[in-house]
Amino acid sequence: MVPIRPRGTLPAMEPVLAAIALGSNLGDRKAAIQEALGAISRLPATRLLRTSDLIATAPEDSPPGAGEFLNSAVLVETSLTARQLLDAMLIIEQRLGRERTQRNAPRTIDLDLLLYGSDIIEEEGLQIPHPRMHERVFVLWPLLQIAPRIANPRTGEPYAAAFARIKGAGA
């Protein structure tokens, strides 16, 4: 297998902790997540530190009839830039059969870059922290398994407080 290489050269920078969400609701969901985890672990200048459990959740904002999701999250240490990491994640999605036919359509794999250190990034196609993660149980639940004290870099609010608020609202 050819290693995945993001665009550009590897930066000479200190490693950063980054959080990635994984989800699948099409095909062999567990196998797709396991393959994505393997691909992430083989990225250059990147080391997989922690992986959450697989969590089954109902689809949100998906077309009618979309199947149940399996979700997970990983914490990596990387010297890739946020853009390089995102580019590599998009390549992994593509190799695992992700097709972008419509917004929130069923998918073999979905990889979202949630956090990149304590950086706040606003670029075309790249927003860190992920803009809706603080509203989604299926993101926060696995994230808090791997980083229970992590906080929103924009507000300083612990994601555990956002999770408690959502769960208290009946989500």
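The values are calculated or read from the model by the stated rules, or taken from the named source; none is laboratory data. Just so you know, these numbers come straight off a predicted model, no measurement behind them. Note: ideal-geometry Cβ built from the backbone for every residue, glycine included; neighbour counts use all protein chains shown.
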- Query: Considering the range 28-73 alone, what residues qualify as being touching a helix residue (DSSP H, G or I) at 6+ places or on another chain (Cβ under 6 Å) and assigned to a strand (DSSP E or B)?
  - Reply: Leu48, Arg50, Ile55, Thr57, Leu70, Asn71, Ser72, Ala73
- From the residues in the range 154-171 that are out of contact with any Phe, Trp or Tyr (no Cβ under 8 Å at 6 or more places or on another chain) and buried (at least 18 other Cβ atoms within 10 Å of the Cβ), which one is farthest from Ala19 (Cα to Cα)? Ala162
- Task: Among the residues of the range 107-151, write down those that are without any contact (Cβ under 8 Å) to a residue 40 or more places away in the chain and among the charged types (D, E, K, R).
- Result: Glu122, Glu124, Arg132, Glu135, Arg149
- Tell me which residues, restricted to the range 131-153, are in a loop (DSSP other than H, G, I, E, B), modelled with pLDDT under 95 and surrounded by 15 or more Cβ atoms within 10 Å (Cβ to Cβ). Arg136
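Regarding Thr57, is this residue over 24 Å from Leu144 (Cβ atoms), among the polar types (S, T, N, Q) and touching a residue at least 24 places away in the same chain (Cβ under 8 Å)?
no
Give the residue that is farthest from the chain's Cα centre (by Cα), with candidates limited to residues of the range 78-110 that are in a loop (DSSP other than H, G, I, E, B) and at pLDDT 85 or above.
Among those that are in a loop (DSSP other than H, G, I, E, B) and at pLDDT 85 or above, it is Ser79.
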- Just one of the numbered conditions (1) closer than 14 Å to Met89 by Cβ; (2) crowded, with 20+ Cβ neighbours inside 10 Å; (3) touching a Pro at 6+ places or on another chain (Cβ under 7 Å) is not true of Asn25; which one? (1)
